[in-house]
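Peer 1: Input: one structure, supplied below.
The values are calculated or read from the model by the stated rules, or taken from the named source; none is laboratory data. Source: prediction; values computed, not measured. Cβ sites come from the backbone with ideal geometry, for glycine too, and all protein chains shown count toward neighbours.
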Amino acid sequence: MNQANLISGGLPLLLVAVTIAVLAFIAYRRRESKALTRDAALARDLRDAAGGDAVRLAAVDEFETAIYQRLFYASTVGPKIRASAFSLLGLALSLGLAVVLAPLDGFTATTAKTIAAVLAVGFGLATVAFAAWAVYHAVSTPRVSFAESYADADDDE
């Protein structure tokens, strides 16, 4: 495939697809965060409505546990995943710019190619760093679990 076909055909479509995919992923993560915030407010309202009824309070406790487990993950791993996605978008756009500028000659074109290459390296390193950081937190961050407290309550009975 020659350079002209790459620039006029597949590259713009690839860049548009990557941009749409990253923005859709970020929008999905934002909606998830808003839903978690809404669920936390609902749990507060349900706790107030439960009053002193032990059965209702137990149901609210279960609901809160599920929410807090999701919030814990979303607050530690989620931002790193979003940063990695934005870095990946920057990498794709800077690589696309480098490919478009590759056939050009002259001082301005050389400067632009150098800037695009530096941006590509920077965004590439940021993508790897944020992805590694997200994996590290996903693997090493302790999970919020109340299973032990439930087991202790069952042993007491």
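Peer 1: Counting only residues that are without any contact (Cβ under 8 Å) to a residue 40 or more places away in the chain and surrounded by 15 or more Cβ atoms within 10 Å (Cβ to Cβ), which one in segment 19-39 is nearest to the chain's Cα centre (by Cα)?
Peer 2: Leu36
Peer 1: Here is a further query. Mind checking which pairs have a first residue in segment 97-109 that is in contact (Cβ under 8 Å) with a residue 40 or more places away in the chain and a second that is basic (Lys, Arg) and surrounded by 13 or more Cβ atoms within 10 Å (Cβ to Cβ), Cβ under 8 Å, 6 or more apart or different chains?
Peer 2: Hits for this filter: Ala102/Lys113.
Peer 1: Still on this structure, I have one more. Which of the residues that make up segment 31-51 are under 11 Å from Arg70 (Cα atoms) and touching a Leu at 6+ places or on another chain (Cβ under 8 Å)?
Peer 2: Answer for segment 31-51, where residues must be under 11 Å from Arg70 (Cα atoms) and touching a Leu at 6+ places or on another chain (Cβ under 8 Å): Leu36, Ala40.
Peer 1: Then there's this: Please go through (1) in contact with a helix residue (DSSP H, G or I) (Cβ under 6 Å, 6 or more places away or on another chain); (2) under 19 Å from Val18 (Cβ atoms); (3) among the β-branched types (Val, Ile, Thr) for Thr141 and return the number of the only condition it doesn't satisfy.
Peer 2: (2)
Peer 1: Scan Ala85, Ala98, Ala74 and give me the residue that is over 22 Å from Ala24 (Cα atoms) and either modelled with pLDDT of 85 or more or out of contact with any Pro (no Cβ under 6 Å at 6 or more places or on another chain) (or both).
Peer 2: Ala98
Peer 1: Residues in segment 93-104: is at least one surrounded by fewer than 13 Cβ atoms within 10 Å (Cβ to Cβ) and either assigned to a helix (DSSP H, G or I) or aliphatic (A, V, I, L, M) (or both)?
Peer 2: Scanning segment 93-104 turns up at least one residue that is surrounded by fewer than 13 Cβ atoms within 10 Å (Cβ to Cβ) and either assigned to a helix (DSSP H, G or I) or aliphatic (A, V, I, L, M) (or both).
Peer 1: Looking at segment 55-110 only, could you name the residues that are among the hydroxyl-bearing types (Ser, Thr, Tyr) and closer than 17 Å to Val135 by Cα?
Peer 2: Tyr73, Ser75, Thr76, Ser84, Ser87
Peer 1: Within segment 105-125, is there a residue that is within 18 Å of Ile26 (Cα to Cα) and at pLDDT 90 or above?
Peer 2: Checked segment 105-125: at least one residue is within 18 Å of Ile26 (Cα to Cα) and at pLDDT 90 or above.
Peer 1: If you check Ala131 against the conditions, is it assigned to a helix (DSSP H, G or I), farther than 22 Å from Ile20 by Cα and touching a helix residue (DSSP H, G or I) at 6+ places or on another chain (Cβ under 6 Å)?
Peer 2: So Ala131 fails the test.
Peer 1: Give me the residue from segment 1-18 that is at pLDDT below 75, not in a loop (DSSP other than H, G, I, E, B) and not polar (S, T, N, Q) and, out of that set, nearest to Leu97 (Cα to Cα).
Peer 2: Ile7
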